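The values are calculated or read from the model by the stated rules, or taken from the named source; none is laboratory data. Keep in mind the model is a prediction, meaning the values are calculated, not measured. Please note: Cβ atoms are built from the backbone with ideal geometry, for glycine as well, and neighbour counts cover all protein chains shown. SASA here: full protein model, heavy atoms, side chains in, ligands and nucleic acids out. Shrake-Rupley method; radii C 1.70, N 1.55, O 1.52, S 1.80 Å.
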Amino acid sequence: IDRKNFLTQGAAVKLSWPDAPWVAQRFKLKPDTEYVVSYFIKLENIASDGKGGVRARFDECGGKGPWMPRAYLRGTMPWTRISIKIKTSPKCGSKRKKSLTEYLSISLGNGTRGTAWVDRVEIRELKK
């Protein structure tokens, strides 16, 4: 947690390799429903010798789900909102076990250098 570099609510999650390379937020969502998944991210000197960088993935507990964005983020950038519209599968929630629920994971790829901050993670249901 970083209380000096944040966008809202007085703190942001600070990601850096290897100390804190990822964060996940869990949600319970309805099957066959449209949502907007979003988060704000700030990067400082994100670089990698390989395919690394920063990106997020939404997962319904099945090991599949969209990456957002599709390509890794690299470099330095101010607070930027990343969002994607998703539709959960008809089986969403069927694989839940205790604390295992749908989630959004934001992570640094292996060996990624630099720092990323994450703030205001949201999943909002789209009304029909």
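The C-beta contact set for segment 23-40 (first residue in contact (Cβ under 8 Å) with a residue 60 or more places away in the chain, second residue among the polar types (S, T, N, Q) and open to solvent by 70 Å² or more (accessible area, probe 1.4 Å), distance under 9 angstrom, 6+ apart or interchain) comprises Arg26/Ser99; Pro31/Ser94; Tyr39/Gln25. Applying a threshold of 6 Å to beta carbon distances and a minimum spacing of six or more residues, or different chains, the list of pairs starting in segment 77-90 at a residue that is touching a residue at least 24 places away in the same chain (Cβ under 8 Å) and ending at one that is part of a strand (DSSP E or B) and acidic (Asp, Glu) reads Lys87/Glu34.
Check whether at least one residue in segment 40-57 is within 18 Å of Leu126 (Cα to Cα) and open to solvent by less than 40 Å² (accessible area, probe 1.4 Å), and report yes or no. The answer is no; no qualifying residue exists. Screening the candidates Ile86, Ile82 for the property of being over 21 Å from Ala116 (Cα atoms), assigned to a strand (DSSP E or B) and either small (Gly, Ala, Ser) or out of contact with any helix residue (DSSP H, G or I) (no Cβ under 7 Å at 6 or more places or on another chain) (or both) yields one hit, Ile86. For segment 11-49, which positions are touching a Lys or Arg at 6+ places or on another chain (Cβ under 6 Å) and farther than 23 Å from Glu102 by Cβ? Once the filter is applied, which keeps residues that are touching a Lys or Arg at 6+ places or on another chain (Cβ under 6 Å) and farther than 23 Å from Glu102 by Cβ, segment 11-49 yields Ala11, Ile46, Ala47. Looking across segment 9-39, the residues that are open to solvent by 30 Å² or more (accessible area, probe 1.4 Å) and under 18 Å from Ile84 (Cβ atoms) come down to Val23, Ala24, Gln25, Arg26, Phe27, Lys30, Asp32, Glu34.
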